[in-house]
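First up is the structure itself, then whatever we jot down about it.
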Amino acid sequence: MSTFQYLLGICVAVVTFVIVIEMLRRRRLRERHAAWWLVAGALAIVVSVFPQLLDTAAGALGFDVPINLVFFVSLFVLFLVALQHSSELTELEAHNRAIVERLMVLELKLEHQLNEESQ
């Protein structure tokens, strides 16, 4: 690995980590959504600073090519993010359904009261 590639890897990992922290600070990203991105950013920084760790981990886990471990871990993190978002979407849909049902009951009660008053 050339010095340029080494420094580029470190810079990209640090910039990614800083962007996530800045989005948290500006409240553009919630903590529970940022957790996986912070983990991924921290792992990227560690692997960028100590690339031999990637070789060691890849060998220990049975990956012939270390970059395959990076792709596997990246896909796994993205899977966890998608799973978290699906879970939250399910909760929001249930919450919205409950709100709509309560609104319909209130509208029916109001309509019933208006009909009684007009008679």
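Please treat every number below as a calculation from the coordinates, not as lab data. Note that the structure is predicted; figures quoted are calculated from it, not measured. Cβ placement follows ideal geometry from the backbone for every residue including glycine, while neighbour counts extend to all protein chains displayed.
The charge dipole of the chain, taken about its Cα centre with unit charges on the Cβ atoms of Lys, Arg (+1), Asp and Glu (-1) only, comes to about 540 debye. Directionally averaged projected area (the range 24-119, Cα convex hull): 9.5 nm². Taking the Cβ-Cβ separation of residue 119 and residue 97 as r and a Förster radius of 35 Å, what is the calculated FRET efficiency to the nearest 0.05? For residue 119 and residue 97, the calculated efficiency is 0.55.
Between residue 105 and residue 52, the contour length at 0.36 nm per residue exceeds the alpha carbon distance by 12.7 nm. Per residue of the chain, the DSSP helices (runs of n ≥ 4 H) give a summed -39500 (n - 2.57) that works out to -32000 deg cm²/dmol at 222 nm.
Distance between the modelled labels on residue 112 and residue 8, one decimal in nanometres: 7.0 nm (7 Å Cα→Cβ projection).
Overall, the anisotropy analysis places the range 2-72 in the oblate class: the square-rooted eigenvalues a ≥ b ≥ c of its C-alpha gyration tensor yield a/c not less than 1.5, with a/b not exceeding b/c.
Going from the fewest other Cβ atoms within 10 Å to the most, the residues 23, 1 appear in the order 1, 23. Looking at the range 1-100, the trypsin sites (Lys or Arg not before Pro) that sit in a DSSP loop and have at most 12 other Cβ atoms within 10 Å of their own Cβ are 26, 27, 28, 30.
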